[in-house]
Amino acid sequence: MAAVTDAPPTLEAFAAAVAGCTRCPLHATRTQVVFGSGSPTADLMFVGEAPGFHEDKQGVPFVGAAGQLLGKLLAGIGLTRDDVFVANVLKCRPPGNRDPQPEEIEACESHLFRQIELIEPKVIATLGNFATKLLSGKPLGITRVHGQEQEVTLGGSRVLLYPLFHPAAALYTPRMLDVLEADFRRLPELLGREVAPPPPLQVVAPPAVEPEPVQLGLF
Ligand code: SF4
């Protein structure tokens, strides 16, 4: 697995390297690593939480009912799964679909950051709490921040981070689904938006040094 840290130059090569990852205990219970799927040059990237039962079996993220909803929402804005890239915070399934543990996220996060670096998306839509907190670097939950875009630097580039409710949660809560649909409809506008480059480093001039008073040798 040495190649993971060797930073392979393409997404495909990186996926092959991550397929053998054993950095955290989830490697022992997974069927396979679920790296992500879609366009390696996508402008729009989605980041969910972790693979579930079907994802673990098929090796593709978002393939169950939540994946069908994601596909439907994408169709509503004229896109398909092939136009975007879909990944998760964790690449291996937590047993019983339990929440990701902090040490698992810490072990796996560099894979996600490298994916972002290689894909260079314009907009990253985080799906649910785990992805939102990790990529925003803030503890605010999805209920507070959904639908509120913010410019951040990820993978060395400026991107618009756009938190959304997780489709799996919206499946069972009609009110949440309405909000998710409304937030989703803003994606085309966000994709068309110019993201400002990072501000140049401020060079702070040293404070002017007062000249020493001239000693006139009077004493
Ligand atoms: Fe590696 Fe991530 Fe899978 Fe853990 S969850 S074994 S860090 S790929």
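The values are calculated or read from the model by the stated rules, or taken from the named source; none is laboratory data. Just so it is clear, the structure is predicted and the values come from calculations on it, not from any experiment. Methodologically, a virtual Cβ is constructed for each residue, glycine included, from the backbone with ideal geometry; neighbour enumeration extends over all protein chains shown.
Quick notes on this one:
- Counting residues in region 60-79 that are buried (at least 20 other Cβ atoms within 10 Å of the Cβ) and more than 27 Å from L26 (Cβ to Cβ) gives one or more.
- Residue in region 22-30 that is within 20 Å of Y172 (Cβ to Cβ) and either within 11 Å of the ligand (Cβ to nearest atom) or assigned to a helix (DSSP H, G or I) (or both) present: no
- Residue in region 35-64 that is nearest to the ligand (Cβ to nearest atom), counting only those that are over 20 Å from H146 (Cβ atoms) and not in a loop (DSSP other than H, G, I, E, B): D56
- Pair list, Cβ < 7 Å and 6+ apart or interchain, from region 88-100 residues that are farther than 13 Å from L112 by Cβ to residues that are more than 13 Å from the ligand (Cβ to nearest atom) and in a loop (DSSP other than H, G, I, E, B): R93/G52; N97/G52
- Region 121-159, subset more than 16 Å from the ligand (Cβ to nearest atom) and in contact with a Gly (Cβ under 7 Å, 6 or more places away or on another chain), residue nearest to A16 (Cα to Cα): L127
- From the list F130, F113, F165, the lone residue that is at pLDDT 95 or above and over 29 Å from P9 (Cβ atoms) is F165.
- Scanning region 73-126 for residues that are out of contact with any strand residue (DSSP E or B) (no Cβ under 7 Å at 6 or more places or on another chain), polar (S, T, N, Q), part of a helix (DSSP H, G or I) and on the phi < 0 side of the Ramachandran plot yields a single hit, S110.
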